[in-house]
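The structure appears below as structure tokens.
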Amino acid sequence: MKLCRFDDHRYGVVKDDQVYDVTALVEPMLPHPLKVKGDPLLANLSTIVAKLKGADLGKPAKSVKAAKFLSPVAFPTKIVNAPVNYDLHIAEAKADPGISFNRPSLSIGVAGLFLKATSALVGPGEGVAARFPDRRTDHEIELGIIIGKTASDVPEDKALEYVAGYAIALDMTVRGTEDRSFRKSIDSYAVLGPWMVTADEMPNPLDESFSLSVNGTQRQSSSTKHMIYDIPTLIGWASRWYTLYPGDIIMSGTPEGVGPVGDGDVMLCKFDHIGEMEVKVRAAPVMSHGSAAREKSKG
């Protein structure tokens with residue numbers, strides 16, 4: 001099932017390029033946010049999906065092209081990211097000082113995972129507001145793994161049992177020398193969508209082809225089979241360091257082909273068994289001179 005959030009925080013089911021508004025069916029089944037740890041929808045997902053599969057969804061609310069898709073997850077407790085998880089991306093980073101800033105490239109096992117602020121999370125319909133026009137803002141397409149139940153110290157052979165579903169993720173980043181979490185946690189720099197495909201409808205997440213183009217020119221194309229740390233490894237590893245809760249998101253790393261985007265660019269992201277999402281880039285409001293001076297003084 002393809003579950004989404006769209007327009008004015010409505011819940012939807014996507015079928016045959018149409019969006020069905022199921023808000024009235026879903027909301028009575030959502031637990032109170034104070035009574036769950038994580039996202040209420042994901043915390044009660046199995047009950048909600050069972051209800052929706054047997055329900056009369058009525059007429060479509062609108063077409064997929066007419067909907068403004070928000071992040072399918074509203075309240076993650078954390079966004080976990082996997083750096084340098086594709087060999088060819090490591091190679092391009094080493095060859096391009098604009099990515100690496102001539103820093104040594106650590107392996108993922110040495111670098112570890114990192115966290116991205118939940119305030120950075122948006123859906124494709126909200127777009128990316130690129131900050132710092134004097135610096136590179138790069139696209140990084142990734143498979144988004146959405147956790148469906150509380151996971152702590154999960155063995156890798158059981159890890160996929162904790163996945164609620166999958167979505168397309170964009171780990172946008174400002175290039176520079178600062179810590180990854182700092183440069184990747186800007187508002188709108190974590191894009192998730194356009195919907196969540198429940199895990200039962202993803203034939204093989206360990207070999208899922210995907211691509212990204214900018215203004216019609218393809219830049220990234222790969223498969224999840226090329227990950228250095230695969231999905232079960234990432235879930236098991238993350239859950240040994242901190243508890244994962246329903247709605248938590250793992251962005252699983254990007255392949256080669258990353259590059260800059262700016263005001264007016266349009267990114268088209270595709271996954272074989274998820275679908276596609278279009279994400280527009282706009283310029284964020286310019287900082288005041290005082291703010292810019294403070295940034296400069298901090299190096």
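For residues in region 86-105 being within 23 Å of the chain's Cα centre (by Cα) and within 19 Å of residue 137 (Cβ to Cβ), which is surrounded by the most Cβ atoms within 10 Å (Cβ to Cβ)?
Checked region 86-105; the qualifying residue surrounded by the most Cβ atoms within 10 Å (Cβ to Cβ) is 89.
Considering only region 40-94, state which residues are among the charged types (D, E, K, R) and in a loop (DSSP other than H, G, I, E, B).
Those that are among the charged types (D, E, K, R) and in a loop (DSSP other than H, G, I, E, B): 56, 59, 68, 78.
Residues that are touching a helix residue (DSSP H, G or I) at 6+ places or on another chain (Cβ under 7 Å) and either on the phi < 0 side of the Ramachandran plot or at pLDDT 95 or above (or both): list the strands (runs of 3 or more DSSP E) wholly contained in region 226-283 that include at least 1 such residues.
Hits in region 226-283: 249-251.
May I ask you to list the residues in region 178-210 that are crowded, with 19+ Cβ neighbours inside 10 Å and of a type in the set (Gly, Ala, Ser)?
185, 188, 190, 193
I want to confirm something. Restricting to region 52-85 and keeping residues that are small (Gly, Ala, Ser) and closer than 30 Å to residue 223 by Cβ, which single residue is surrounded by the fewest Cβ atoms within 10 Å (Cβ to Cβ)?
Within region 52-85, the match that is surrounded by the fewest Cβ atoms within 10 Å (Cβ to Cβ) is 63.
Just checking, which of 169, 164, 130 is outside the structural domain of residue 45 (by TED's automatic domain parsing), over 15 Å from residue 247 (Cα atoms), small (Gly, Ala, Ser) and in contact (Cβ under 8 Å) with a residue 60 or more places away in the chain?
130
The values are calculated or read from the model by the stated rules, or taken from the named source; none is laboratory data. Every value quoted in this text rests on a predicted model; they were computed, and no experiment measured them. Every residue, glycine among them, receives a Cβ derived from its backbone with ideal geometry; neighbour counts consider all protein chains shown.
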